[in-house]
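All remarks here apply to the structure that follows.
The values are calculated or read from the model by the stated rules, or taken from the named source; none is laboratory data. In this text the structure is predicted, and so the values were computed from the model without any measurement. Counting neighbours? That spans all protein chains shown, and the Cβs are built from the backbone with ideal geometry, glycine included.
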Amino acid sequence: MPRRVWLSRAAGGLLGLFLPGCIGGRPRQSGADTRFEFERPQMGVPFRMVICGQDRAVAAAAAESAFARVEALNRALSDYDPDSEVSRLCLGAKVGVASPVGEDLWRMLVQGLALARATGGAFDVTLGPLVNLWRRARRRGELPADHLLAEARMRCGWERLQLDARKRTVTFLAAGMRLDFGGMAKGYAADEAMRVLRESGFRRTLVAAAGDIVVADPPPGQAGWTVEVGGSDLPGSPAARRIPLRRSAVSTSGDLFQRLEIGGRRYSHIVDPRTGIGLTDRALVTVLARDGTTSDSVSTAVSVLGMERGLRWADTLPGVAVQVIRLGEGGAVEVGVNRRWTAGVGGSKPVEGAPLSLSAAGAVEPACG
Ligand code: AMP
Ligand code: MG
């Protein structure tokens, strides 16, 4: 039996990996290739890379380059680091004055604003002031004061951002705005790490940033990387499914397990922009998509939209499969899936042994040699 490696408890999701072959850094032969694993704390989570290759030193050098890329992304995108590009941008920006931004920050802004438009503002990368208040509330165990919430809301709003694609600049239209890419940056970092591994010559790779996992071609002789998705320990919840994944990504969002509890109510670290309040419905959202940037951001967006609106919206996105597990007021578990989930991940039976690939056309990819 392959050994189970849990990845995302810390991220609040239930999503695991079954990695036959090398576990815990000890390589084991698998066909012509050996499996090498590398793990490092990055972006506040254990960042993990699995590489099928011939030579440990060559794989280690590729992983090193990929970790360096993630580190560089953190220096650009982290709102925890006061010296990051995004922190310096927000602290130094003057209202109405355009600021130039680097390529990664630019990509996040473009994708973030596209998602804000597509979700009617449910996904909003300008919620930094509110997210910070809720982070402090978590630390202190008390709700943010009303006047602080009201003040923070004045500093949020994706419509108060202006992008100039020709000059690659961003202009803030309100004072004190703070960008927060926490809902999408880990997926993007996993995509970028995988790109570096590919450019180093490795095609059979997996990159996992806690609850955001990206896979390329599968290990030799296998249909895919076996990933366990979409279950919870709650009574009445569906069991997690083990699905073979290749050339796709999976993310979980929501706080079924970890959230701030004050006065008998539980508040998520995901904020509803309409109210400024951390989400109070308990849900676990699992998203499969073509890349990690999409799976990560869509999972956060669906968490905010809620089951009905979220699933309806997900049906408009090509190659995106979504499952929502929600704990209702009375404690009953409700499960909803979009059309692509039913078609790709499974109806009543778990998909085991069958390749699943979420390409643009939704076609099953041919087996890899
Ligand atoms: P995830 O764990 O990927 O669902 O991302 C959660 C993170 O996204 C939070 O910790 C915030 O940094 C950020 N966030 C919170 N609320 C929103 C929102 N409504 N839209 C976009 N990002 C958000
Ligand atoms: Mg996310």
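Residues are listed down the side, and each one gets a yes or a no for (1) out of contact with any Phe, Trp or Tyr (no Cβ under 9 Å at 6 or more places or on another chain); (2) within 16 Å of ligand 2 (Cβ to nearest atom):
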| position | (1), (2) |
| --- | --- |
| 242 | no, no |
| 267 | no, no |
| 296 | no, yes |
| 302 | no, yes |
| 308 | yes, no |
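Could you check, for the range 133-154, whether at least one of its residues is outside any helix (DSSP H, G or I) and at positive phi? Scanning the range 133-154 turns up at least one residue that is outside any helix (DSSP H, G or I) and at positive phi. With the condition kept exactly as written, say whether any residue in the range 30-50 is surrounded by fewer than 15 Cβ atoms within 10 Å (Cβ to Cβ) and at pLDDT below 95. Yes, some residue in the range 30-50 is surrounded by fewer than 15 Cβ atoms within 10 Å (Cβ to Cβ) and at pLDDT below 95. Regarding the range 130-144, can at least one residue be identified that is away from ligand 2 (no atom under 16 Å from the Cβ), aromatic (Phe, Trp, Tyr) and within 24 Å of residue 74 (Cα to Cα)? Checked the range 130-144: no residue is away from ligand 2 (no atom under 16 Å from the Cβ), aromatic (Phe, Trp, Tyr) and within 24 Å of residue 74 (Cα to Cα). Each residue in the range 65-95 was checked for being of a type in the set (Asp, Glu) and more than 22 Å from the chain's Cα centre (by Cα), and 1 of them qualify.
Only one of the numbered conditions (1) under 24 Å from residue 115 (Cα atoms); (2) without any contact (Cβ under 8 Å) to a residue 12 or more places away in the chain is not met by residue 261, and that is (1). Selection of first residues in the range 230-241 that are farther than 14 Å from residue 282 by Cβ and of second residues that are of a type in the set (Lys, Arg) and outside any loop (DSSP other than H, G, I, E, B), restricted to Cβ pairs under 8 Å at least 6 apart or on distinct chains, gives the following pairs, ordered by first then second residue: 230/241; 231/241. Residues in the range 175-227 that are within 16 Å of ligand 2 (Cβ to nearest atom) and either of a type in the set (D, E, K, R) or more than 20 Å from the chain's Cα centre (by Cα) (or both): 180, 186, 191, 192, 212. Considering only residues in the range 79-96 that are in contact (Cβ under 8 Å) with a residue 40 or more places away in the chain and surrounded by 15 or more Cβ atoms within 10 Å (Cβ to Cβ), the one that is farthest from residue 184 (Cα to Cα) turns out to be 93. Residues in the range 308-321 that are out of contact with any Leu (no Cβ under 6 Å at 6 or more places or on another chain), crowded, with 20+ Cβ neighbours inside 10 Å and aliphatic (A, V, I, L, M) were compared, and the one that is nearest to residue 189 (Cα to Cα) is 320.
With respect to the conditions (1) closer than 28 Å to residue 309 by Cα; (2) in contact with a helix residue (DSSP H, G or I) (Cβ under 9 Å, 6 or more places away or on another chain), residue 170 lacks only one, and its number is (1).
With the structure loaded, tell me whether residue 288 is within 15 Å of ligand 2 (Cβ to nearest atom), out of contact with any strand residue (DSSP E or B) (no Cβ under 6 Å at 6 or more places or on another chain) and over 19 Å from residue 158 (Cα atoms) or whether it fails that test. Let's see the steps before the verdict.
Details: within 15 Å of ligand 2 (Cβ to nearest atom): yes; out of contact with any strand residue (DSSP E or B) (no Cβ under 6 Å at 6 or more places or on another chain): no; over 19 Å from residue 158 (Cα atoms): yes.
So residue 288 fails the test.
Number of residues in the range 165-223 that are at pLDDT 95 or above, more than 16 Å from residue 59 (Cα to Cα) and assigned to a loop (DSSP other than H, G, I, E, B) equals 16.
If you go through the range 275-295 one residue at a time, do you hit one that is within 11 Å of ligand 1 (Cβ to nearest atom), more than 30 Å from residue 194 (Cβ to Cβ), hydroxyl-bearing (Ser, Thr, Tyr) and surrounded by fewer than 21 Cβ atoms within 10 Å (Cβ to Cβ)? Yes, the range 275-295 contains at least one residue that is within 11 Å of ligand 1 (Cβ to nearest atom), more than 30 Å from residue 194 (Cβ to Cβ), hydroxyl-bearing (Ser, Thr, Tyr) and surrounded by fewer than 21 Cβ atoms within 10 Å (Cβ to Cβ). Taken over the range 107-133, the criterion of being among the polar types (S, T, N, Q) and either within 8 Å of ligand 1 (Cβ to nearest atom) or within 16 Å of the chain's Cα centre (by Cα) (or both) is satisfied by 111 alone.
Residue 100 satisfies every condition listed in (1) within 16 Å of ligand 1 (Cβ to nearest atom); (2) surrounded by fewer than 22 Cβ atoms within 10 Å (Cβ to Cβ); (3) closer than 13 Å to residue 170 by Cβ; (4) not polar (S, T, N, Q) except (1).
Kindly indicate the residue of the range 244-273 that is in a loop (DSSP other than H, G, I, E, B) and touching a helix residue (DSSP H, G or I) at 6+ places or on another chain (Cβ under 9 Å) and also farthest from ligand 1 (Cβ to nearest atom) among those meeting that condition.
First pass over the range 244-273, keeping only residues in a loop (DSSP other than H, G, I, E, B): 246-247, 254-259, 263-264, 268-270, 273.
From the residues that got through so far, the ones that are touching a helix residue (DSSP H, G or I) at 6+ places or on another chain (Cβ under 9 Å) too are 254-255, 259, 268-270, 273.
Details: 254: 7, 255: 9, 259: 11, 268: 8, 269: 4, 270: 4, 273: 5 Å.
Out of the qualifying residues, it is 259.
Pairs meeting the criteria (first residue in the range 183-203 and surrounded by fewer than 20 Cβ atoms within 10 Å (Cβ to Cβ), second residue in a helix (DSSP H, G or I) and hydrophobic (A, V, I, L, M, F, W, C), beta carbons under 7 Å, at least 6 apart or on different chains) are 200/62.
Which one of these is within 16 Å of ligand 1 (Cβ to nearest atom) and either among the aliphatic types (A, V, I, L, M) or at pLDDT below 95 (or both): 317, 305? Show your work before the answer.
Numbers: 317 fails: within 16 Å of ligand 1 (Cβ to nearest atom).
None of the other options fit; the residue is 305.
Selection of first residues in the range 125-145 that are of a type in the set (A, V, I, L, M, F, W, C) and of second residues that are assigned to a helix (DSSP H, G or I) and within 16 Å of ligand 2 (Cβ to nearest atom), restricted to Cβ pairs under 6 Å at least 6 apart or on distinct chains, gives the following pairs, ordered by first then second residue: 125/112.
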